[in-house]
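No lab work stands behind these numbers, since they all come straight from the coordinates. Keep in mind it's a predicted model, so treat the numbers as computed, not measured. Because the Cβ atoms are built from the backbone with ideal geometry, glycine has one as well, and the counts that use them run over all protein chains shown.
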Amino acid sequence: MSKGDKMTDPRVTEQVTDAMKAAVLAKAVDGKITCPVLRKFADDNGVSYKVAGAAADMAGVRVGGCELGCF
């Protein structure tokens, strides 16, 4: 594992669906998504912020503008 890689709990990543990854990717602009947009995605889809963050990671989307340190 390189310095920039995240270690994500498999119990979190197994909850991520292909549809979630595609939805996060569709919301991203230039490969990035803001924290408020990802939090709303999590709330709208009834998943935890950890699952939404894992979906972003797995889709190759970077989270920026994070105000609470959720992601």
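Annotations
- Compared with the direct C-alpha span, the chain from residue 32 to residue 44 gains 2.4 nm at full extension, assuming 0.36 nm per residue.
- As a rough footprinting exposure proxy, the listed residues 11, 62 were ranked by other beta carbons within 10 Å of their own, and the order from fewest upward is 11, 62.
- Taking amide H positions as modeled 1.01 Å from N, with prolines and chain starts lacking one, the residues under 5 Å from residue 34 and 5 or more places away or on another chain are 64.
- Seen from residue 16, the other residues with C-beta closer than 12 Å to its C-beta sum to a net charge of -1, counting Lys and Arg as +1 and Asp and Glu as -1.
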